[in-house]
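What follows is a single structure, written as C-alpha cells, with notes after it.
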Amino acid sequence: MVSDQQVHAHPSASATWLKDAATARALSLITLVWLGLESTLGLAAGFSAHSVALIGWGLSALVEALASLIVVWRFTGARTLSSHAEEKAQRAVAVSFWLLAPYLVVHVLHDLDAGHRAAPTALGIAVTAISLASMPLLGVAKRRIGARLGSAATRGEGAQNLICAAMAGGVLAGLWLNTLGWWWVDPAVALALAGVAVREGARAWRGHGCCH
C-alpha cells in the first residue's frame, strides 16, 4: 500500500495517477493468468505439430509473463512512487525481450537441419486465435496507461502483448500456408519475430514505447 506520507512527498501522484497505477498492476496480474495457460497449451501444440513458430510463440508467453511480473513488482507497495524502481523495471523488461531471440534462431536452425515441418493442430489454432483477438486489447490499454503514468516498463509490457498478437497471426498464417506446401513460412516467421524482439528490447532499454 502507498502511505499518505509518500503521496504528499510526490505531488505528481494524483488520485488519477494512483488509480492508473493500480489498473496497470491489475492488468498485469490478469495477463499472468492467461499467459500461464497460453504457454502450456502453445508449447504442447507446438511440439505436437513440430512448429518452431508455435513453440517460439509458446515460449514468448513465458517472456511476456516475466514482463508482467516486473510491472506487478514495479507498482507494488512503496515502489509505486519510486523513480528508481521504474528505471530498474524498464531495463528488466528490455532484457526480457532479448531472452527470446537466441532461442528462436537456434530452434529454427535445428528444425531445418532435422527436416521438421509444421503441421496444423486444432489446439494450436484455437489458442493462437484467442490471443490474436485478445492481446491487442491488452497491449493498447497498457500502452495508454503507461503513457499516462510515464512508465516505460508498462509501455514495454504492452509492446510485448502486441508482439504476441503479431506472432499469433504469423503462426496461424504459417500453419495454413504449410498445407499449401509453403513450409518455409513458419521458420521465416520465427526469425522475423526474433528480429522484432531484439529491436523492441533496444527501444524498451531506451525508454521508448512500441510503435505498432
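The values are calculated or read from the model by the stated rules, or taken from the named source; none is laboratory data. Computed from a predicted model, the values in this text were never measured in an experiment. Quick reminder, even Gly has a Cβ in these numbers, built from the backbone with ideal geometry, and neighbours come from all protein chains shown. With ligands, DNA and RNA removed, areas are computed over all heavy atoms of the protein, side chains included. Shrake-Rupley method; radii C 1.70, N 1.55, O 1.52, S 1.80 Å.
The table that follows gives values for the structure above.
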quantity: Set Val189, Val171, Val196: member being touching a Leu at 6+ places or on another chain (Cβ under 6 Å), under 23 Å from Val108 (Cα atoms), β-branched (Val, Ile, Thr) and assigned to a helix (DSSP H, G or I); calculated: Val171
quantity: Verdict on Arg148 being crowded, with 20+ Cβ neighbours inside 10 Å and either touching a residue at least 12 places away in the same chain (Cβ under 8 Å) or not in a helix (DSSP H, G or I) (or both); calculated: no
quantity: Among (1) open to solvent by 50 Å² or more (accessible area, probe 1.4 Å); (2) at pLDDT 85 or above - the single one Tyr103 does not satisfy; calculated: (2)
quantity: All positions within the stretch 30-74 that are open to solvent by 40 Å² or more (accessible area, probe 1.4 Å) and either closer than 18 Å to Arg91 by Cβ or among the charged types (D, E, K, R) (or both); calculated: Leu66, Leu69, Trp73
